[in-house]
């Protein structure tokens, strides 16, 4: 299913999804910080312990490195990442290492561009004008980098409220 979203707003069927809501609430404060945005979304979703596990300073490269460790589980493909964000109540991230620092995004339910690029939110350290709300990740990475993107998820546990 492909949704055309020219204004960067999620379709009604996804607007109330917890990850989409957390992204919307955190976005304006992290236009210039992709890793800060990811950590803020995780904290908004009650995953502060996970956000605090990132090694070193928790920059983009550190977050991508953490995908190799528990509680993260790597995802084999972008199509599966998109499906997991929609159907399984998991928090899905994507990232790519680079020198001196890479880039990370939060995958959310939505369409796939070209049948393989999932929908996401992200901030942008190099240029806040390149941050994006509810856009497909082919806008987050270009050229050869898009093929090196890694995907991972963490399952949000039931807290005291028993929600999600």
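The values are calculated or read from the model by the stated rules, or taken from the named source; none is laboratory data. All of these numbers come straight from a predicted model, not from anything done at the bench. Please note: Cβ atoms are built from the backbone with ideal geometry, for glycine as well, and neighbour counts cover all protein chains shown.
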(request) Specify which of the listed residues (71, 100) is surrounded by fewer than 22 Cβ atoms within 10 Å (Cβ to Cβ), touching a strand residue (DSSP E or B) at 6+ places or on another chain (Cβ under 8 Å) and at pLDDT below 95. (result) 71
(request) Go through (1) outside any strand (DSSP E or B); (2) under 14 Å from the mean Cα position of the chain (by Cα); (3) at pLDDT 90 or above and name the single condition residue 105 misses. (result) (1)
(message) Out of 18, 11, 49, I need the residue that is surrounded by fewer than 18 Cβ atoms within 10 Å (Cβ to Cβ), closer than 15 Å to residue 90 by Cβ, out of contact with any strand residue (DSSP E or B) (no Cβ under 7 Å at 6 or more places or on another chain) and at pLDDT below 95. Which one?
(response) 18
(message) Criterion first (more than 14 Å from the chain's Cα centre (by Cα) and within 16 Å of residue 147 (Cα to Cα)) does residue 98 satisfy it?
(response) yes
(request) Find all pairs meeting these conditions: Cβ atoms under 8 angstrom apart; at least six residues apart or on different chains; first residue within region 65-84 and in contact (Cβ under 8 Å) with a residue 24 or more places away in the chain; second residue part of a helix (DSSP H, G or I). (result) 71/50; 72/66; 75/81; 75/84; 78/137
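Every residue, every condition in (1) touching a strand residue (DSSP E or B) at 6+ places or on another chain (Cβ under 8 Å); (2) at pLDDT 85 or above; (3) assigned to a strand (DSSP E or B); (4) surrounded by 13 or more Cβ atoms within 10 Å (Cβ to Cβ), yes or no:
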position	(1), (2), (3), (4)
120	yes, yes, yes, yes
129	no, no, no, no
134	yes, yes, yes, yes
138	yes, yes, no, yes
144	no, no, no, no
151	yes, yes, yes, yes
154	yes, yes, yes, yes
157	no, no, no, no
160	no, no, no, no
